[in-house]
Amino acid sequence: MRGTRRWSVTQDLNSAQFIFNLMQNFPKTTMVMDVRSPAEFNHMRLHNSLNIPYCDQYSDSPSMQDLRQHAIGDLKLFDNRRRLLIIIVFSPPGIVFAREVAYILWKDKCKEVHVLEEEFGHFAQKYPFLCLGDGFPTYKLPAFGYPSEIIPFQLYLGDYHHAEDPLVVECLKITHILNATNCFEARFMSKGVVYLRLGVEDLATEDISKHFQLAYNFIKNALKEPRGRVLVHCAQGVSRSSTYVIMYLMRSRKINYEAALNIVKLYREVACPNEGFAKQLQNLIFTDYDSDSSSESDRSIANEYENETNQDKVMID
C-alpha cells in the first residue's frame, strides 16, 4: 500500500463478538468482503467471503467499479451487495483500505457495513469453526447456525436447535445447558454436559421469577469453573431464555432491566421477554436474591430434573 496516500475516512469498528453474533442473527443475508491478499485469503477465510485485495492498480479515488474489477470470487454475490449486510475483514497493513472500502459501500447505499476491529487472524483464533481454507480443518456449519454469544466464551443464548446440535456443543465447548422449556431431552448428558431444566410456558401470566434464584446460581457456579460455558435456551431463543439471561446480567452487574435488555438485544436482536416476564424483571429487587440458597420448590425442581436426566443417560447408555 502506498505510504503517500491519505484517506479522509472515519468508520466505526466492530468487536469480534459483535461480528460473530451478526453472522448468526442474519446467516442468509451476510456477505464478507475480505481485503487481505489472495494468499492470506486462500489460507483462511470466512464462509460466504469475497476477496477484494488491495493493489497499486487502484485509482487515487477508487470507485465501486474498481472494487468489482479486482474482486475474486462470486461476482453475483458482489452485485447483490445492496441487499446484504456486509462485513469487512483485513490484515494489519490493510486497515486504511478496509475503511475506504466501507466508505465506498456506504456511498453506494449498501444498507449496513461493518468493519472488524481486529485483524482477521485474531478473529480466526477465537472462532476457527467459522473458517475454511488451506490452513484450517473442514468444519461443518450447524444447520441453524450458532447461538448468540452474550458474554464472550462464557454465556450463550439460543433456541432448541442449538441445544440439540452436537456441532454447536462441541465447537462452543458448552459445559452447562439451562433449558427454559418443559420439553427436549438432556441429549449430551452422557458427554459430561450438566443440565438444569427450569421450564415455564411462554405466557405473560406465568411466574418465571420463582426460578430466578436457581437459574442465577446455576449460571454463576458454571462460570466459576475454569472452562465453564453455559447455553441458555428455550424453543425459539426469544422470551423465556432471554428472561433468564437478562436476570443474570441484572444481578451479576447490578444494572437495571433496560440496560440488561439492551446488552442482550445488541447481540441477539430477536430477544424479547413477553410482557409478564418483562414486568417481573423490572420489579426485581436485588436484596430479594442476596442469599445463594435456593427455595424449597427450586430444589425440588432441580432434583426432579436430575432424576429425569439420569434416566435419559441410562437410556442413552
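The values are calculated or read from the model by the stated rules, or taken from the named source; none is laboratory data. All of these numbers come straight from a predicted model, not from anything done at the bench. A quick note on method: Cβ atoms are made from the backbone with ideal geometry, for glycine too, and the neighbour counts reach across all protein chains shown.
Quick one: which residue in Y54, Y58 is in contact with a Phe, Trp or Tyr (Cβ under 6 Å, 6 or more places away or on another chain) and modelled with pLDDT under 90?
When all the criteria are applied, what remains is Y54.
Do we find that V101 is surrounded by 15 or more Cβ atoms within 10 Å (Cβ to Cβ) and under 27 Å from N262 (Cβ atoms) in this structure?
Spelling it out, it is not the case that V101 is surrounded by 15 or more Cβ atoms within 10 Å (Cβ to Cβ) and under 27 Å from N262 (Cβ atoms).
Looking at S49, S59, S91 in this structure, which one is more than 26 Å from the chain's Cα centre (by Cα) and among the polar types (S, T, N, Q)?
Among S49, S59, S91, only S59 is more than 26 Å from the chain's Cα centre (by Cα) and among the polar types (S, T, N, Q).
Looking only at residues that are among the small types (G, A, S) and either crowded, with 18+ Cβ neighbours inside 10 Å or under 23 Å from L172 (Cβ atoms) (or both) in the range 251-268, which one is farthest from the chain's Cα centre (by Cα)?
Of everything passing the filter in the range 251-268, S252 is farthest from the chain's Cα centre (by Cα).
Yes or no, residue by residue, for (1) assigned to a loop (DSSP other than H, G, I, E, B); (2) assigned by TED's automatic domain parsing to the domain that holds E275; (3) surrounded by fewer than 20 Cβ atoms within 10 Å (Cβ to Cβ):
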site	(1), (2), (3)
A186	yes, yes, no
S190	no, yes, yes
L203	yes, yes, yes
F212	no, yes, no
N217	no, yes, yes
K220	no, yes, yes
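What number of residues within the range 132-154 are part of a strand (DSSP E or B) and touching a Lys or Arg at 6+ places or on another chain (Cβ under 8 Å)?
Of the residues in the range 132-154, 3 are part of a strand (DSSP E or B) and touching a Lys or Arg at 6+ places or on another chain (Cβ under 8 Å).
Please pick out the residue among K126, K111 that is closer than 19 Å to G228 by Cα and in contact with a helix residue (DSSP H, G or I) (Cβ under 8 Å, 6 or more places away or on another chain).
Just a single option satisfies the conditions, and that option is K126.
Which one of Y248, Y305 is assigned to a helix (DSSP H, G or I), surrounded by 15 or more Cβ atoms within 10 Å (Cβ to Cβ) and modelled with pLDDT of 95 or more?
Working: Y305 fails: modelled with pLDDT of 95 or more.
Going through Y248, Y305 in turn, just one is assigned to a helix (DSSP H, G or I), surrounded by 15 or more Cβ atoms within 10 Å (Cβ to Cβ) and modelled with pLDDT of 95 or more: Y248.
Within the bounds of the range 138-150, is there any residue that is more than 29 Å from L50 (Cα to Cα), at pLDDT 95 or above and not aromatic (F, W, Y)?
Start the filter on the range 138-150 by keeping residues that are more than 29 Å from L50 (Cα to Cα), which leaves none.
No.
Report yes if Y195 is at pLDDT 95 or above, closer than 14 Å to N21 by Cβ and either not basic (K, R) or not in a strand (DSSP E or B) (or both), otherwise no.
So Y195 fails the test.
Which of the residues belonging to the range 107-125 are of a type in the set (A, V, I, L, M) and within 20 Å of F26 (Cβ to Cβ)?
V113, V115, L116
Residues of the range 180-214 being without any contact (Cβ under 8 Å) to a residue 60 or more places away in the chain and under 17 Å from G228 (Cα atoms), which ones?
Of everything in the range 180-214, those that are without any contact (Cβ under 8 Å) to a residue 60 or more places away in the chain and under 17 Å from G228 (Cα atoms) turn out to be F188, K191, G192, V193, V194.
How many of the residues in the range 72-86 are free of Cβ contacts under 8 Å to residues at least 60 places away in the same chain, in a strand (DSSP E or B) and crowded, with 16+ Cβ neighbours inside 10 Å?
So the answer is 1.
Is there any pair with a first residue in the range 265-285 that is in contact (Cβ under 8 Å) with a residue 24 or more places away in the chain and farther than 17 Å from L157 by Cα and a second that is loosely packed, with under 15 Cβ neighbours inside 10 Å and of a type in the set (G, A, S) whose Cβ atoms are under 6 Å apart and which are 6 or more apart or on different chains, and what are they?
E275/A204; G276/A204
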